[in-house]
Structure formats: C-alpha cells, structure tokens
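Read-outs throughout are calculated quantities, based only on the coordinates presented, and are distinct from any laboratory measurement. The structure presented is a predicted model; accordingly, all values stated were derived computationally and were not measured. So basically every Cβ, Gly included, is an ideal-geometry build from the backbone, and we count neighbours across all protein chains shown.
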Amino acid sequence: MILVKVGGSVICNGGLDKVVNDVAPGTILIHGGGCMVNSMMERMGIKPIILKHPNGYTSRYTDEETLKVYVMTMMLINKLLVSKLVARGVRAIGLSGADLNLVTARRKEKIMIIDDRGRTRVIDGGFSGKVTDVNVKLVQSLMSSSDVLVISPIAVSPEGMLLNVDGDQIAENLAISMGVKGLIILTNVDGVLINGKPVGKVTRDNAQQVLPHTTGGMRRKLETALKLSERGIRTIIANGLKDNPIRSALAGEGTVVE
C-alpha cells in the first residue's frame, strides 16, 4: 500500500495529470486544493479571508459561505482525479471524509490570530476542524474492492457538521492508524529547501537546524513528517510537478524525513 498526499500547489500548477499517470494500484491518494478554492471564491465574488497566526502560519478563514465553496471545489478536484484514473483503466473510488464517517474531526471553537494592528486576538473557529479519527476498517474495505482510494479533506463532526480540515492531518492519522511504512507528500518544489537547494535527509538529530529555514505550508509538512518519524514512519517530501513524481520520490528524490 502506498500513501500519497498531493498538495494544491501541484494541482493548481498543472501537475494533476503527472500524478495520475504515476499512481499504482494499492494507492491511497489524499489531495488538497486550497489555491483552487481561492480562485473559485474570487470568481464568485467572495473575497477569501486570510488569517495570520502567532506561530507564523497563515490560513483561510472558513465561514459558512466559504465552506460551501470549499466543499464544492474539493469534490470537483476529487472527481477529476477519479475520472482520470478510471480513463486509465484504474478502479478508483473518491470520497470526502464525511462519506460513511470516513474522517471525524472536532470543530475548532476558537482560533488565535494576529490582527491588522499586530495584536493577538481570539476569534470564533468557524467551520475549520482538527482530525480526531480516520475509519481504518472502512479504508481497508474500500481498498479491497478498488485499486485506488481518493480522499478529499472534508470531515464531519460528531454533531454532523461539515468541516474544512488539513489534508496533511488526514495523511498523518492514516499513516499511524494503518501502520504504513512511509508517506509521500508531493508539493511544487524539490523538497525542503535551504538557500534554494533541497535537503536530502532530515532526522530528529538535525531537525532544529533545518526547521528555522522553513515557513508556512512547508514547515507544517516537515513538522508532520517529524511526528511520523517518532513512530518509525518514513516521509518523502518531493516535487509533484516532474514526470513520474511518485516513482521519483520512491527512488530517493526529494527530502527524506526519518
């Protein structure tokens, strides 16, 4: 079984077909697509609200209108991936995390932000969530009757609320719950970069020298990979825009975190 997370930066920059053409039977594919959500919102006349957080990260605020566009766009991406896989003769099935209670999440009641005046404030969490559980038995059942499972980062709360969740969190939970040996994270650069050059390997021993050179989404990916390394799970952060991106990652291209 191969666990692959493909980021929106790959999907929005023409890498979708390259990933699809390299997916092998036995793959669980988790996708993002935040950049496409932003584009769709702007086309619909809805301005994305970007939040700054004390840890240096940024995120899109998910109010009710944003959630509607988010769900619509993520499921469009999901079905585009499935249709392209099916056209290759691959038995693919695509679901959101809300389907059959595949991914459960807890709504973030409060979010800490830095406002336009540079002050730290706490605001309502909207419709964003933190993944609490992935239904492993369901995943195994779906994989027994298909070649590839494609998962959208939409979760459901115990109260039945749809939530925007981070695809990296789903990948992390799946990797741990299913006991996989490795995870591939595909992004739009050649791995973790320092001064424009990819770092070949990151371990717990050199992580504190590498982390200060990373920001935003890449820092989150590296932190996720380091959590997995503590459980003996190897992560490869690699470029999804090159030909044969999954095979290239498995061959050692990109940044290996272990």
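Considering only residues of segment 87-109 that are over 19 Å from the mean Cα position of the chain (by Cα) and surrounded by fewer than 17 Cβ atoms within 10 Å (Cβ to Cβ), which is nearest to VAL156 (Cα to Cα)?
The residue in question is LEU100.
Within segment 163-181, is there a residue that is assigned to a strand (DSSP E or B), over 23 Å from LEU76 (Cα atoms) and among the small types (Gly, Ala, Ser)?
The answer is no; no qualifying residue exists.
Restricting to segment 42-68, count the residues that are touching a Pro at 6+ places or on another chain (Cβ under 9 Å), surrounded by 15 or more Cβ atoms within 10 Å (Cβ to Cβ) and part of a helix (DSSP H, G or I).
Qualifying residue count, segment 42-68: 1.
Output the qualifying pairs, or none if there are none: Cβ atoms under 6 angstrom, residues six or more apart or on different chains, first residue in segment 52-77 and closer than 14 Å to GLY8 by Cβ, second residue assigned to a loop (DSSP other than H, G, I, E, B).
Final answer for the pair search is ARG60/PRO48; MET74/GLY33; ILE77/GLY33.
Which one is nearest to ILE246 (Cα to Cα) among residues in segment 182-196 that are polar (S, T, N, Q) and part of a loop (DSSP other than H, G, I, E, B)?
Going through the qualifying residues, I end up with ASN188.
Please go through segment 139-156 and give me each residue that is over 16 Å from the mean Cα position of the chain (by Cα), of a type in the set (Ser, Thr, Tyr) and not in a helix (DSSP H, G or I), ordered by number.
Result: SER145, SER146.
Listed residues VAL148, VAL134; which is farther than 29 Å from LEU51 by Cα, crowded, with 22+ Cβ neighbours inside 10 Å and touching a Leu at 6+ places or on another chain (Cβ under 7 Å)?
Exactly one of VAL148, VAL134 is farther than 29 Å from LEU51 by Cα, crowded, with 22+ Cβ neighbours inside 10 Å and touching a Leu at 6+ places or on another chain (Cβ under 7 Å), namely VAL148.
Any idea which residue in segment 171-200 is farthest from VAL4 (Cα to Cα), counting only those that are of a type in the set (D, E, K, R) and surrounded by 16 or more Cβ atoms within 10 Å (Cβ to Cβ)?
Ranking the qualifying residues of segment 171-200, first place goes to ASP190.
Quickly run through segment 110-126 and pick out the residues that are surrounded by 12 or more Cβ atoms within 10 Å (Cβ to Cβ) and more than 26 Å from ALA155 (Cα to Cα).
Across segment 110-126, the qualifying residue is only ILE114.
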